[in-house]
Amino acid sequence: MSLATNSPAHSSSSDDFAAFLDVALESHSSDSSPNKNAEVGNNVESERIKRRKVEKLVCSEEDTLCGVEEQSLEVLSKQQLCSHPGSFGNMCIICGQRLDEESGVTFGYIHKGLRLNNDEINRLRNIDMKSLLQHKKLILVLDLDHTLLNSTQLGHLTPEEEYLRSQIDSLEDVTKGSLFLLNSVHTMTKLRPFVHTFLKEASQLFEMYIYTMGERAYAYEMAKLLDPKREYFNSKVISRDDGTQKHQKGLDIVLGQESAVLILDDTENAWTKHKENLILMERYHFFASSCHQFGFNCKSLSELKSDESETDGALATILKVLKQVHNIFFNELSDDLVDRDVRQVLKTVRSKVLEGCKVVFSRVFPTKFQAENHHLWKMVEQLGGTCSTELDSSVTHKHRTTSGNGKPKTTSRSSKARNNNTGIHLFKG
């Protein structure tokens, strides 16, 4: 049996030591030569030399074992002193110690199994904030459905929408299309008009995240359509699987200071803790299933074979607001850059969008209570306008539903209003 191959130690000195003993044992077990008596003196001296070599190697092995012990004590000391800033699975990312209790926040969208404690999150956010301000950027968190795109299950297409199956665009170059069939998630998706230009221009001013209540597989498929070259989001794609609260979105899993974050979403209730960061987006209802989901008894854009305007649509309008907020934050405020808060800027900007406008909702809501709690009513008020359910001389815009095709309309008393067919899109007359 060879000690070299069965030695429990794996250091180079251990291998040398075991190999030398193998040679010595083989030499001792071999047959004696005819001249043995004549060579006794030489053999004695030879054995002395071998013994000295063995002793030397034994000392070397002991030194190695001592070194291993010292390294083990050093590792143990590091583990005792380590603050365990994060973990993969249940092992500390710094010292490797196995952690029995889970603590901190999971960042699975960055790396599966990654958790960071609060101190480390704050440290990373401070570093990120310095880098953002240096590059004159803020953070923009973007919802997917009804904000950047609209999707429907294939089984939910109405007879009037079946024509869409023959108009889908190629997935080989998604930048040249807007309507896609995704068999992997059994979905047809329509990108909102202007979305590619919006993302390209917004990326110059913001670090962007996707944050959706959809499943992770769906989120990744949508990210491929919006960002095929991974220029805008990279790994910053957050799905409902990553959230820390059920049915809620939160900035606790976004590695950015809240004072530098803007959110673009069509649903206010998803952001109950971050309403000051939120720009409430007009919903994009391209498919009939989307209209039905929100209780609209009208034809969808797809059924009408129509769409939002590229140049005057919701994304083009919102981009102007984002640029205005960015400009004020970096160029017009007088306080120190690190002390500025984008939430205060947003509050000022959006309060002036519909300043001087009064909107009446005619035959839209059954009761005043339903009207005042509807997202369209709240949107108008956030933008600086006032709302009413009764028409009077002070009303500047009127939103109503009509019979016939059921299209909601917004009209101005001073000029013909623009109309996006499925929701309110207010412009000062």
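Within region 107-142, the only residue that satisfies the criterion of being open to solvent by 50 Å² or more (accessible area, probe 1.4 Å) and touching a helix residue (DSSP H, G or I) at 6+ places or on another chain (Cβ under 7 Å) is 136. Scanning region 195-215 for residues that are open to solvent by 40 Å² or more (accessible area, probe 1.4 Å), in a loop (DSSP other than H, G, I, E, B) and either out of contact with any Ser or Thr (no Cβ under 9 Å at 6 or more places or on another chain) or not charged (D, E, K, R) (or both) yields 204, 213.
Scanning region 285-297 for residues that are farther than 14 Å from residue 376 by Cβ, part of a loop (DSSP other than H, G, I, E, B) and either modelled with pLDDT under 95 or among the hydroxyl-bearing types (Ser, Thr, Tyr) (or both) turns up just one, 297.
Among the residues of region 268-278, the ones that are open to solvent by 70 Å² or more (accessible area, probe 1.4 Å) and in a loop (DSSP other than H, G, I, E, B) come to 2 in all. When residue 262 is tested against (1) in a strand (DSSP E or B); (2) in contact with a Lys or Arg (Cβ under 8 Å, 6 or more places away or on another chain); (3) modelled with pLDDT of 95 or more, exactly one condition is not met: (2). Kindly indicate whether any position in region 155-171 is over 24 Å from the mean Cα position of the chain (by Cα), open to solvent by 40 Å² or more (accessible area, probe 1.4 Å) and over 29 Å from residue 292 (Cα atoms). No; the residues of region 155-171 include none that is over 24 Å from the mean Cα position of the chain (by Cα), open to solvent by 40 Å² or more (accessible area, probe 1.4 Å) and over 29 Å from residue 292 (Cα atoms). The single condition from (1) within 18 Å of residue 278 (Cβ to Cβ); (2) open to solvent by 20 Å² or more (accessible area, probe 1.4 Å) that residue 303 fails is (1).
With respect to the conditions (1) under 30 Å from residue 324 (Cβ atoms); (2) under 21 Å from the mean Cα position of the chain (by Cα); (3) open to solvent by less than 80 Å² (accessible area, probe 1.4 Å), residue 218 lacks only one, and its number is (1). Filtered by the rule that a residue be without any contact (Cβ under 8 Å) to a residue 40 or more places away in the chain and out of contact with any strand residue (DSSP E or B) (no Cβ under 8 Å at 6 or more places or on another chain), region 251-297 gives 269, 272, 273, 275, 292, 293, 294, 295.
Tell me whether region 143-153 contains one or more residues that are farther than 19 Å from residue 236 by Cβ, open to solvent by 50 Å² or more (accessible area, probe 1.4 Å) and of a type in the set (Gly, Ala, Ser).
No, there is no match, as no residue in region 143-153 is farther than 19 Å from residue 236 by Cβ, open to solvent by 50 Å² or more (accessible area, probe 1.4 Å) and of a type in the set (Gly, Ala, Ser).
Output the residue which, of all residues in region 322-334 that are touching a residue at least 40 places away in the same chain (Cβ under 8 Å) and more than 23 Å from the chain's Cα centre (by Cα), is most open to solvent (accessible area, probe 1.4 Å). For region 322-334, the residue satisfying everything is 330. Filter region 235-267 for residues that are over 17 Å from the mean Cα position of the chain (by Cα), closer than 16 Å to residue 212 by Cβ and open to solvent by 10 Å² or more (accessible area, probe 1.4 Å) and give the result. Across region 235-267, the qualifying residue is only 267.
Within the bounds of region 176-188, is there any residue that is touching a residue at least 60 places away in the same chain (Cβ under 8 Å) and within 20 Å of residue 285 (Cβ to Cβ)? The answer is yes; a qualifying residue exists.
The values are calculated or read from the model by the stated rules, or taken from the named source; none is laboratory data. On a predicted model such as this, the values are computed, not experimentally measured, just so you know. Because the Cβ atoms are built from the backbone with ideal geometry, glycine has one as well, and the counts that use them run over all protein chains shown. Accessible surface areas use protein heavy atoms only, side chains included; no ligands, DNA or RNA. Shrake-Rupley method; radii C 1.70, N 1.55, O 1.52, S 1.80 Å.
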